[in-house]
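To start, the structure under review is shown below, and the notes come after it.
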Amino acid sequence: MKARLLLWMIATRNSFVALLPLTFLRVIAELILNFPWLYYQQSMDHWLGADWREPLRQIIDNSFTLFGLLLAAIVSSQLVFRMPGLTKHREIAPPLMVAISAVINFLIITVSLPNISPVEFSAEVILIGIVVGLLSAELMLWAARKPYLDLLNLPVDTDTTFYQAMRLSPSIILSGMIFFITALILASTPDFPDFTQLIIDWAHNNEYGTWILGSFVTLMNQLFWFVGLHGSIFIYGAADGALFLANLDAGFNASSLAFRVLFNNFVHLGGSGATLGLLIAIFIVTRRGAQNKIAKISIVPSLFNINDILIYGLPIVFNPFYLIPFVLIPVLLMLISLAALQFGLITIYDSAIVGWTTPPLLSGWLLTESWRGVALQVLLIAISTLSYLPFVKKAEKHRQQQSLDAFTQASDTIIKVGNTRQKNYYPPG
């Protein structure tokens, strides 16, 4: 069971990595749409007209829309592909047919469940995509082995694609029926208590409510991101956005918007997980290797607080080396930022219009209209860098050991093959 769970995690992580081209497309569209320079926005309006943003918004929305569906298909095919005895499992249930089954099951369960739509992007849809992908693969591998589900005796020279489609159709139909019945059962069960609303109510009635809510929001965002789910979707959607509607205490001398501003511009420095510090730590520790290359690719997006490439490409998702810093460093930065706001070290002005893609340091200046905002961001980046350093060193050491083991194994194999040939060589005469 432990080996199977590990296989599920690897298949899920690799599926997020496989979807990086779609992530690249969305990142580029977001940068073009939200580039934080007034002259650029005005120039684009002048040259392309007022509606130039609409196609980019549609690209972003559609990339989110497709994510859950594509994830179900890729997770299922990845799992079958990585099963022990690859050739045998591919013959029993080809990855293409398993992916088709997962797509069908995803549509069945999302349409059948209330308040869930297959064409929306939410934490629930992404989670459903992962679960449906894993269970569809397991169901297909089980059903494809049952002789009574192979209802057609086609000749051996039948086209392979047609043969597999006809042979596995009963299994796919059975799998779809199981998911449909499961969806009906889930739809009839009572709703779970709204845990998020309980936290919000407790925070509002507590003297330290802002600290509680700030820590909770940041912690949940990071936990969602670590398992590959878009944490921001949960944070902004939970309890109709009430997580960000709480008024800060009067002593904070700030409006209700300050909470979101802190979250976007003083915690997410470089993106979720304060990964600008991670990039700097990687460049300090490494000069070559996979981590260094991924970090170089991530520099430009990270300057605009977009780090999907780093999260899925490094990867951080399901990476045990980065679990502790990725989850806890942002919580620490949130507490430091709240303290700076409470003790009057910084003041956030409502008049400042700063998008979430505004680069660090510039956003600190615009939000506080003071060098103190910039200094605070520099301090937070330094703290995140120092905190990430030991974990980057450990991950890099592990990578180098893996490379050394692979080289040693390859060398031993070459030497062994060479010795075998030498022993079998008989000179003429």
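The values are calculated or read from the model by the stated rules, or taken from the named source; none is laboratory data. Please read these numbers as outputs of a predicted model, since none were measured by experiment. Reconstructed Cβ throughout: ideal geometry from the backbone, glycine too, with neighbour counts over all protein chains shown.
In the stretch 307-339, the qualifying residues are those that are assigned to a helix (DSSP H, G or I) and among the β-branched types (Val, Ile, Thr), and the one that is nearest to the chain's Cα centre (by Cα) is 311. Assuming residue 261 fulfils every condition listed in (1) at positive phi; (2) modelled with pLDDT under 85 apart from one, which condition is it? Evaluating residue 261 over (1) at positive phi; (2) modelled with pLDDT under 85 leaves (1) as the failure.
Looking across the stretch 355-382, the residues that are of a type in the set (Ser, Thr, Tyr) and either buried (at least 22 other Cβ atoms within 10 Å of the Cβ) or free of Cβ contacts under 8 Å to residues at least 12 places away in the same chain (or both) come down to 358, 363, 368. In the stretch 266-274 there is at least one residue matching the filter, namely being surrounded by 20 or more Cβ atoms within 10 Å (Cβ to Cβ), modelled with pLDDT of 85 or more and aromatic (Phe, Trp, Tyr).
Before we move on, is residue 103 in contact with a Ser or Thr (Cβ under 6 Å, 6 or more places away or on another chain) and either outside the structural domain of residue 359 (by TED's automatic domain parsing) or within 24 Å of residue 314 (Cβ to Cβ) (or both)? When the stated conditions are applied, residue 103 does not pass them. Taken over the stretch 213-243, the criterion of being of a type in the set (A, V, I, L, M), part of a loop (DSSP other than H, G, I, E, B) and at pLDDT below 80 is satisfied by 229 alone.
Say we look at the stretch 383-394 and pick out the residues that are out of contact with any Leu (no Cβ under 9 Å at 6 or more places or on another chain) and not charged (D, E, K, R); which of these is farthest from residue 286 (Cα to Cα)? Taking the candidates together, the pick is 386. Restricting 210, 196 to those that are of a type in the set (Ser, Thr, Tyr), crowded, with 20+ Cβ neighbours inside 10 Å and modelled with pLDDT under 80 reduces the list to 210. Is at least one residue of the stretch 24-33 aromatic (Phe, Trp, Tyr), more than 30 Å from residue 161 (Cβ to Cβ), free of Cβ contacts under 8 Å to residues at least 40 places away in the same chain and surrounded by fewer than 20 Cβ atoms within 10 Å (Cβ to Cβ)? No, that holds for no residue.
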